Each structure stands twice: as C-alpha cells, then as structure tokens.
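Encoded as structure tokens, the structure appears first; notes follow it.
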Amino acid sequence: MRERLEELRREALAIVAEAGEEARLREVEVRFLGRNGEITGLLRQLGSLPADQRPAAGREANLVKAALQEALDQRRDQLQQASLARELRGEGFDPTLPGPPPPAGALHPLSQVQRRLEDLFSSMGFLVADGPEVEWESYNFDALNIPPDHPAREAQDTIFVRAPQATAEASAAAESDGKADGVVLRSHTSTVQIRALKKHGPPLRVVAPGRVFRQEAQDATHEHTFHQMEGLVVDRGVGVAHMLHAMNSLLEGLFGRKLETRLRPGFFPFVEPGFELDARCPFCDSGCRVCKGSTWIELMPGGLVHPNVLEACDVDPEVYSGYAFGLGLSRVVMLSYGIDDIRWLLSGDLRFLRQFPS
Ligand code: DAH
C-alpha cells in the first residue's frame, strides 16, 4: 500500500506542476481526491490492513492528501496571478468584440400620436408650428378675444410668471422697455394662432402641438402640465364644412377608420360660431365605460375664428375667414391606449413607458 501511495503522490504532483489551466487542476482534484478518487479509494482500504499497520498507513495517506491539496492550491494561485497579469498587460482583451446590447428606447406615446398627426396634417399642406411655453398674457388672452375680467385668467387657473404691471409708475417703466404685459405659462396652444397669423399672414394652414399649463388640483383627469394640438386655417371663404372635413380626417388618422361625428354648439371667446365635436365611441356599440354609456365621446372644440381675433392679427375679417380647433392630445392618447389616469403620462415611470414600444 505504501508503494501505491507513493506512486499516486508522484503522479499527481507531476500533473499539477505541469498544469497550464485551472480546468486541469480540477480534473486532478476529482481524479485523486474526489469521492471516487484514487487516494480516497486507497484510504477506504485501510480497514483491510493488519491492525498494527493501520495507524502508520493512515497518517501517511493523510500526509499525501494534504500535500496534494496544498500543491493544487498553490498552482491555482499561480495560474490566477498569471492570468491577471496578462489582462493587466492588455493581452487576451479584444476591443472589437461587441458589448452587451444596450436596452432599446422608444418614443413616448404622446410623441407617437403627435408625430402621426403632424404627418397627417403636413400631408394636407399644414405647417407644423411651435410657440413659447412662457407667453405674454396678451397673447394667451386679449388677442384671443378673452376680456380682462374673464375667469380663466384667475390665478387658480393660469400660472402667472409675472403679474401685469399694476401701478402707473411700474407700467410706465415697463412700457419704456416694452414689457407692460403680464407673463404666463401658456394655458392653451391657441396662443400659436396669434403668433403664426402675425408672422405669416393669410392664407395660412397651421397645426401647433405642445405643452400647456394650468393651476390644477391633480387627480386622474387633471394635471398641471398636459398636451394639446391647435389647428388654424385662415383664407378667403373658409367655413364650417372645411372645419368639419379637417376634424373628420384627424379622427380617421387617429383611430384608423371613419367615425360618425356630430357638432353641438359650444362657447369659446375666440370663435363664432363655436362648436363641440363628438364622435361615436370607437370602443363600443351600445355604451361602455369610456363613453359613459352614451355611445358618444366629446372630442374636440372648434369654430370659426372670431373677427376680433383676425383683427388683433392685422387680418381683415371682411376679406378673410378661418376655422380653429383645439385637440386635447393628452386626452386622445389616453383614449387610444385605454390609460385611465393622466398622471401616468408625465410620470417618467418606466413600468408605464415600457408598454409602448415604437
Ligand atoms: N383653447 C381651448 C382650451 O384650451 C380649446 C379650443 C377651443 C381651441 C375652441 C380652439 C377652439 O381652437 O376653436 O380650452
């Protein structure tokens, strides 16, 4: 038994000394020291030796085991050090290998719907216009025929950045630098009607998507920041039929099919006559949660541009007429995807956003 032990020791140590990889060391470990390993097997045979030889043979076998284990550990250590040194020298590192794939981003559902509508209106010859989110109070209200005492101006509705200059002294000072006007966060995209018409003049076809702001107590249907898309057409002989056609095309682009629509009278200071456009509920035939059982959903206000608005933009209402509409982008995004709380939209919550791959 002694000789056999010595033989195994020598053989095992020789393999360990030559091993160039850690995998080879694991093989040696299994082959000699594993549960069915050769040295382990030899130890198991101790019982068959004469009793007086057992202690010495046992000690010997354990020494061999320990020596082999130590050799294995040492060699493993050496190999790891060597591989670390190679890595530090930049060997075995391939900078051309592709890295892990970056997670794919996607457009926000608001942007997806906005772009779809921009494409649609561009194809009908509309300009896509932009306007500032911090706006003159007079563009947000006065030029749109909203009088100074209109409740919409009140602070609980509109977010004022700077109040209009109240005292004669202050306004004289402000006027000298042209800043008597109040400054607000625009409460609607109708402001772009004024800017676009002043800039381009008639004939004009324009849509203006963007963020608007209101002082709201937030809940599932109210948010201080939301999105609208304004439409404006001014030309000779523009009437309600043109407006209806544009609105119907918009809905078809939005829902992918023609929807039955109806106009109801509605009041907005900047249009006359003013309307509310309702569409047959795209989600049911006989009433559902979305249309609150009525089969109609209120979708879009609009009307013929008030002569006072045209005049405020130096357009002669005797020659030109126009229509305007205001689409609640946030609302139609919620409608089209069945989102039941507006606060998700700007939450930035990835659990929400990941549900809208582009
Ligand atoms: N600006 C209105 C709002 O935010 C919506 C609106 C109504 C826009 C009628 C229009 C319009 O262009 O004609 O409540």
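The values are calculated or read from the model by the stated rules, or taken from the named source; none is laboratory data. It should be emphasised that the depicted structure is a prediction, and the values quoted were computed from it without experimental measurement. For neighbour counting, all protein chains shown are included, and Cβ atoms are generated from backbone atoms with ideal geometry for every residue, glycine included. In case anyone asks, the SASA skips ligands and DNA or RNA and just uses the protein heavy atoms, side chains included. Shrake-Rupley method; radii C 1.70, N 1.55, O 1.52, S 1.80 Å.
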Which residue is farthest from Leu197 (Cα to Cα), if the candidates are limited to the range 317-337 and must be open to solvent by less than 10 Å² (accessible area, probe 1.4 Å) and in a helix (DSSP H, G or I)? Val333
Apart from one, (1) of a type in the set (Gly, Ala, Ser); (2) over 30 Å from the mean Cα position of the chain (by Cα); (3) open to solvent by less than 70 Å² (accessible area, probe 1.4 Å) all hold for Ser286; the odd one out is (3)
So which residues in the range 184-193 are in contact with a Ser or Thr (Cβ under 6 Å, 6 or more places away or on another chain) and either more than 12 Å from the ligand (Cβ to nearest atom) or not assigned by TED's automatic domain parsing to the domain that holds Trp344 (or both)? Val184
Condition first: open to solvent by 50 Å² or more (accessible area, probe 1.4 Å), in a loop (DSSP other than H, G, I, E, B) and in contact with a helix residue (DSSP H, G or I) (Cβ under 9 Å, 6 or more places away or on another chain). Now tell me which residues in the range 338-352 satisfy that. Asp340, Leu346, Ser347
Kindly indicate the residue of the range 227-281 that is more than 22 Å from Thr295 (Cβ to Cβ) and of a type in the set (Asp, Glu) and also least open to solvent (accessible area, probe 1.4 Å) among those meeting that condition. Glu230
I'd like to check which helices (runs of 4 or more DSSP H) are fully inside the range 1-53 and have at least 2 residues that are in contact with a helix residue (DSSP H, G or I) (Cβ under 9 Å, 6 or more places away or on another chain) and surrounded by fewer than 13 Cβ atoms within 10 Å (Cβ to Cβ). 2-18
Of (1) of a type in the set (Gly, Ala, Ser); (2) open to solvent by less than 20 Å² (accessible area, probe 1.4 Å); (3) out of contact with any Gly (no Cβ under 6 Å at 6 or more places or on another chain), Gly303 satisfies all except one. Which? (3)
Taking the range 247-292 and keeping residues more than 16 Å from the ligand (Cβ to nearest atom), touching a residue at least 60 places away in the same chain (Cβ under 8 Å) and either assigned to a loop (DSSP other than H, G, I, E, B) or of a type in the set (Phe, Trp, Tyr) (or both) leaves Phe255
In the range 293-316, which residues are within 13 Å of the ligand (Cβ to nearest atom) and either part of a strand (DSSP E or B) or polar (S, T, N, Q) (or both)? Glu298, Leu299, Met300, Pro301, Gly302, Gly303, Leu304, Val305
Looking at the range 194-223 only, could you name the residues that are at pLDDT below 95, assigned to a strand (DSSP E or B) and within 14 Å of the ligand (Cβ to nearest atom)? His222
